[in-house]
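K.L.:
First, the structure itself, so that you have it in front of you.
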Amino acid sequence: MIEAAPFGMPFVGHVWAFLWNPDSFLRYSRERAMHGIFNLKMFGVDTRIIHNPSLMKSFFALPGSVIEHKTMGSNIITKIFNFQSAEVPQMITHFDELMNTFVTQLMKGPGFERPPSGPGDLRSWERSANVQVQPDGTIEADLFPLVRNCVGLLSSTEMMGHAFVDSHPDFLEDVWQVDANIMGFVFGYPGWLPSIAKARKSRARIVEKLMAWHADMEAVGPVANSDAESGPFSDVSDLMKQRQKIWSARGFSMQARVAVDLSILWALNANSNSTVYWMLRNIYATPGLLENTRREIAPACLINDNKLQIDWKRLHNSSPLFKSCYFESLRLDSAPWSFKRLQKDCTVQEIGEDARSPEAKSKPTVFPMRKGDAVLVPADLHHTDSRYFRNPSEFIPERFFVDKGDGLVQSDIKTIRPYGGGATMCKGRFLAEREVLAFVAAMLTCWDLEPVKGSSWDMDGRTKTSGVCSPKDKLRVGLKRRVT
């Protein structure tokens, strides 16, 4: 039997406790529970909270016939990105075709080997990050918007091409506004709320820009061929070109295409960009880690004729400390929630060593769940559990080391689940990892960062978003080139 969380009330169940302070309530319930699963009643609906490794693994291994995900996905894309409800059945019919194209192209991945060449190169950086050039040549900037917009513009250009990004240089500000109100869209907050009203206007502006872009793409026609070499859309990614073929062949409306591409733009920028910021900040804030990391990645980051060339395979395979910094940043600074609905009765199993109850440690425990139950897997509930992570609030990348023998170590993601799991596991996770590692390596190689007076590497807290957190404080830094 799945034990209930505390503070339940008649009819509403745990709604008020959950809404009042969800993080505190879930962590309190976790510490009180004897197993890695407990139940919330939300207006009569059972919501199963799963948070330990064996139960998460068991749950995400359930077949697609048990865990409903296509309709859930269509509900999200309808509420957040304004996909037309009338075209949802068509989207579900062609979901696998669109997703297979998406996965195939993302596995190839754009390069991202080029280094950030300086905040002055992109004018929109100067506005968002309040960039100021000092008399000694030091560049002062607010680090979070600087990094977020720098990575966003580079990755969006790789995906959409220069024609879109150059025509709409400030579109990322609208993406951030939508991202900040994701939960408001999902739960249907009223449009008269100022934050939702602002987010809707931002969404409308992006939709208008994407509609014009799609219309121009459709008019050009040959851009749908991946080997197109001329014209304003010649540098559009293969991913977008192949999807353009499917949109046209399957007769999707412009509104549907734009809604899905808006979701891609959001997914491309919402998490990776912030992860770059946290990884940089964590490395600089941890004594001795900056020097050790630079020493480790140096063989993979070569500068010739003032150009940085990153040997991706070497960076990925021979930099366990650097890669562990990535995993530890995801553990500490991301808080994704995976929400599912069950289509059939099923069971999940917890291995003995994950149980808190002494009598349950000798054998696995099986928990039944029913059709119609909601299941929530808050990754941060596991990421902050001291039973699995010693001093969970501290940045300790070495916790992801695995001994290979002969004094060698490698990094392993172990039990953290920043990408979700099962059929809906983030399809762009390999590209995201490559993007973050390449960009952080470039920044560490090419730039020195130092907080200006009044700022500090010390953390003042995090604000939860749909995935990777945002900082509560404004960290302002001076940037100096290490290479010229």
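The values are calculated or read from the model by the stated rules, or taken from the named source; none is laboratory data. Quantities reported herein were computed from a predicted structural model and do not represent experimental measurements. Heads up, the Cβs are rebuilt from the backbone with ideal geometry, glycines too, and the neighbour counts pull from every protein chain shown.
K.L.:
So how many residues does segment 213-243 have that are modelled with pLDDT of 85 or more and surrounded by fewer than 15 Cβ atoms within 10 Å (Cβ to Cβ)?
P.N.:
1
K.L.:
Pull out all pairs, ordered by first then second residue, where Cβ-Cβ is under 6 Å, the residues are six or more apart or on different chains, the first lies in segment 180-202 and is within 25 Å of Ser274 (Cα to Cα) and outside any loop (DSSP other than H, G, I, E, B), and the second is at pLDDT below 85 and not polar (S, T, N, Q).
P.N.:
Phe185/Lys79; Phe185/Ile80; Val186/Lys79; Ile196/Gly184; Ile196/Tyr189
K.L.:
Between residues in segment 36-59 that are over 13 Å from Gly372 (Cβ atoms) and touching a residue at least 12 places away in the same chain (Cβ under 8 Å) and residues that are among the polar types (S, T, N, Q) and assigned to a helix (DSSP H, G or I), which pairs lie under 6 Å by C-beta distance while being six or more apart or on different chains?
P.N.:
Every condition considered, the pairs that remain are Phe38/Ser29.
K.L.:
Now for a separate question. List pairs: first in segment 308-336 and within 15 Å of Val440 (Cα to Cα), second in a loop (DSSP other than H, G, I, E, B), Cβ under 6 Å, 6+ apart or cross-chain?
P.N.:
Pairs found: Leu308/Pro115; Ile310/Glu113; Phe327/Ile413; Glu328/Phe395; Leu330/Pro418.
K.L.:
Using beta carbons and a limit of 6 Å, which pairs, at least six apart or on different chains, have the first residue in segment 350-374 and closer than 23 Å to Ser386 by Cβ and the second one basic (Lys, Arg) and part of a loop (DSSP other than H, G, I, E, B)?
P.N.:
Every condition considered, the pairs that remain are Gly352/Lys361; Gly352/Lys363; Ala355/Lys361.
K.L.:
In addition: Just checking, does segment 395-413 include any residue being assigned to a helix (DSSP H, G or I), aromatic (Phe, Trp, Tyr), at pLDDT 95 or above and surrounded by 18 or more Cβ atoms within 10 Å (Cβ to Cβ)?
P.N.:
Yes - at least one qualifying residue is present in segment 395-413.
K.L.:
From the set of residues in segment 233-256 that are assigned to a helix (DSSP H, G or I) and of a type in the set (A, V, I, L, M, F, W, C), which is farthest from Ala215 (Cα to Cα)?
P.N.:
Leu239
K.L.:
Kindly list the number of the only condition in (1) under 26 Å from Ser237 (Cα atoms); (2) at pLDDT 90 or above that fails for Gly36.
P.N.:
Status for Gly36: all satisfied but (1).
K.L.:
For segment 340-363, what are the residues that are in a strand (DSSP E or B) and surrounded by 14 or more Cβ atoms within 10 Å (Cβ to Cβ)? Outline the logic, then answer.
P.N.:
Keep residues of segment 340-363 that are in a strand (DSSP E or B), which gives 340-342, 346-350.
Those that are in a strand (DSSP E or B) and surrounded by 14 or more Cβ atoms within 10 Å (Cβ to Cβ): Lys340, Arg341, Leu342, Cys346, Val348, Gln349, Glu350.
K.L.:
What residue, of Lys108, Lys70, is touching a helix residue (DSSP H, G or I) at 6+ places or on another chain (Cβ under 8 Å), surrounded by fewer than 14 Cβ atoms within 10 Å (Cβ to Cβ) and either at pLDDT 90 or above or closer than 30 Å to Gln242 by Cβ (or both)?
P.N.:
On inspection, the qualifying residue turns out to be Lys108.
K.L.:
Same structure again: Return the total of residues in segment 236-278 being in contact with a Gly (Cβ under 7 Å, 6 or more places away or on another chain) and under 28 Å from Tyr326 (Cβ atoms).
P.N.:
Residues meeting the conditions: 5.
K.L.:
If you don't mind, there's one more thing I want to ask. Just one of (1) over 16 Å from the mean Cα position of the chain (by Cα); (2) touching a residue at least 24 places away in the same chain (Cβ under 8 Å); (3) surrounded by fewer than 23 Cβ atoms within 10 Å (Cβ to Cβ) trips up Leu302, so point out which.
P.N.:
(2)
K.L.:
Which of the residues spanning segment 470-484 are surrounded by fewer than 18 Cβ atoms within 10 Å (Cβ to Cβ) and among the hydrophobic types (A, V, I, L, M, F, W, C)?
P.N.:
Val483, the sole residue that qualifies.
K.L.:
Another question about this same structure. Please indicate, with yes or no, whether at least one residue in segment 148-158 is surrounded by 16 or more Cβ atoms within 10 Å (Cβ to Cβ) and out of contact with any helix residue (DSSP H, G or I) (no Cβ under 7 Å at 6 or more places or on another chain).
P.N.:
Within segment 148-158, one or more residues are surrounded by 16 or more Cβ atoms within 10 Å (Cβ to Cβ) and out of contact with any helix residue (DSSP H, G or I) (no Cβ under 7 Å at 6 or more places or on another chain).
Residue by residue, here is whether (1) over 23 Å from the mean Cα position of the chain (by Cα); (2) surrounded by 13 or more Cβ atoms within 10 Å (Cβ to Cβ); (3) hydroxyl-bearing (Ser, Thr, Tyr); (4) closer than 19 Å to Asp261 by Cβ holds:
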position: Leu172; (1), (2), (3), (4): no, yes, no, yes
position: Val175; (1), (2), (3), (4): no, yes, no, yes
position: Pro190; (1), (2), (3), (4): yes, no, no, no
position: Ser195; (1), (2), (3), (4): no, no, yes, no
position: Lys209; (1), (2), (3), (4): yes, yes, no, yes
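K.L.:
From the residues in segment 26-56 that are in a helix (DSSP H, G or I) and touching a strand residue (DSSP E or B) at 6+ places or on another chain (Cβ under 9 Å), which one is surrounded by the fewest Cβ atoms within 10 Å (Cβ to Cβ)?
P.N.:
Arg32
K.L.:
From the set of residues in segment 427-448 that are assigned to a helix (DSSP H, G or I) and surrounded by fewer than 19 Cβ atoms within 10 Å (Cβ to Cβ), which is modelled with the highest pLDDT?
P.N.:
This residue is Phe430.
K.L.:
Another question, if that's okay. Can you pull out every residue in segment 449-469 that is surrounded by fewer than 18 Cβ atoms within 10 Å (Cβ to Cβ) and either among the small types (Gly, Ala, Ser) or farther than 27 Å from Leu268 by Cα (or both)?
P.N.:
Glu450, Pro451, Val452, Lys453, Gly454, Ser455, Ser456, Asp458, Gly461
K.L.:
Then there's this: Out of everything in segment 346-372 that is out of contact with any strand residue (DSSP E or B) (no Cβ under 7 Å at 6 or more places or on another chain) and acidic (Asp, Glu), what residue ends up being nearest to Glu433 (Cα to Cα)?
P.N.:
Filtering first and then ranking leaves Asp354.
K.L.:
Mind checking which pairs have a first residue in segment 428-446 that is in contact (Cβ under 8 Å) with a residue 24 or more places away in the chain and closer than 22 Å to Asn306 by Cβ and a second that is surrounded by fewer than 24 Cβ atoms within 10 Å (Cβ to Cβ) and acidic (Asp, Glu), Cβ under 9 Å, 6 or more apart or different chains?
P.N.:
Listed by first residue and then by second, the contacts come to Ala438/Glu113; Ala442/Glu113.
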